[in-house]
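Taking it in order: structure first as structure tokens, then the write-up.
The values are calculated or read from the model by the stated rules, or taken from the named source; none is laboratory data. Predicted model, so just to flag it, every value in this text is computed and none were measured. In this analysis, Cβ positions are derived from the backbone assuming ideal geometry, glycine residues included, and neighbour counts consider all displayed protein chains. Remember, those area values only see protein heavy atoms, side chains included, never the ligands or the DNA or RNA. Shrake-Rupley method; radii C 1.70, N 1.55, O 1.52, S 1.80 Å.
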Amino acid sequence: IAWDSFLVGWYSMFAGGGGPPGVFGVVFFVFPIAHVAVGVGLTYFVLAGFLNSTVIRVADGMLSVRHGPLPWRGNLDVPTDGIEQIYCQKKLHKSHDDNGHATTSTQYEVHAVISGQKKRLLGGLHEADHALFVEQRLERFLNLEDRPIPGEMTAT
């Protein structure tokens, strides 16, 4: 909100005939365009985080994953007859804070083995139980016997 509000204020000076004249006026107008792009992307990301939900559906021989109502990456359709196994993976994301201290965050993903190929079905889950729940429900619904996959996360 602060980012977008600042840019609205910045550009509203032009609407009232304000801003520096000549070449400085052009620079005054063009300089923040990259900031506007970041603001649009940031606003979309925040709205999608608040409004979107994920629906996983198995019907008519297809497993589909849909994120909405705002369009988001990760939608997919997979024929169920090629699914050999469903499994979960734990992903560690390492970063450094402003003081140079290493921090680690954990996310969980649900994957499928489809005709011998591994494919991510769902990612960005913050709870291991949520990923394991999705795995178990899909395996039960698709009549898949749970078998170990190298690198998979197991329930403890």
Loop-only check: which GluC sites (Glu not before Pro) in the range 110-156 are DSSP coil with at most 14 other Cβ within 10 angstrom?
-> Glu127, Glu145
In the Gaussian network model of the chain, springs joining C-alpha atoms below 10 Å, which of His126, His101, His111 carries the largest mean-square fluctuation?
-> His101
Which residue, Tyr44, Tyr108, Tyr87, has the most motion in a Gaussian network model of the chain that connects Cα atoms within less than 10 Å?
-> Tyr44
With charges set only on the Cβ (+1 for Lys and Arg, -1 for Asp and Glu), what does the dipole of the range 73-153 come to about its Cα centre, in debye to the nearest 20?
-> 200 debye
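Keeping all protein chains in place, calculate the accessible area per residue for the chain (probe 1.4 angstrom), answer in Å².
Working: 10750 Å² over 156 residues.
On a per-residue basis, 69 Å².
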Computed from the beta carbon distance with a Förster radius of 30 Å, FRET efficiency for Phe29 and Ile1 to the nearest 0.05 stands at 0.85
Amide H neighbours of Ile149 under 5 Å, counting only residues 5+ apart in sequence or on other chains, H built in-plane at 1.01 Å?
-> none
Just the number, please: carbon plus sulfur as a percent of the accessible area of the chain, 1.4 Å probe, no ligands or DNA/RNA counted.
-> 61 percent
Alpha-carbon gyration tensor eigenvalues x 5, square-rooted, for the range 38-128, Å | 29, 20, 9
Sequence order, the range 42-48: Karplus ³J(HN,Hα) from phi using 6.51 cos²θ - 1.76 cosθ + 1.60, θ = phi - 60°, Hz rounded, Gly and Pro as x, gives 5, 4, 4, 4, 5, 4, 4
Please name which of Gly49, Phe31, Leu76 has its Cα lying farthest along the dipole of the chain towards the positive end, using unit charges on Cβ (Lys, Arg +1; Asp, Glu -1) and the Cα centre as origin.
-> Phe31
State to the nearest 20 debye the size of the charge dipole of the chain about its Cα centre, where the only charges are +1 on K and R beta carbons and -1 on D and E beta carbons.
-> 240 debye
What residue among Val58, Val38, Val113 shows peak mean-square fluctuation when the chain is described by a Gaussian network model with Cα springs under 10 Å?
-> Val38
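When the chain is fully extended, how far beyond the present Cα-Cα distance does Tyr44 get from Glu84, taking 0.36 nm per residue of separation?
That works out to 10.8 nm of additional length.
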Give a residue-ordered list of calculated ³J(HN,Hα) values for the range 53-60 (Karplus: 6.51 cos²θ - 1.76 cosθ + 1.60, θ = phi - 60°; whole Hz; x for Gly, Pro).
-> 9, 10, 10, 10, 9, 10, 7, 6
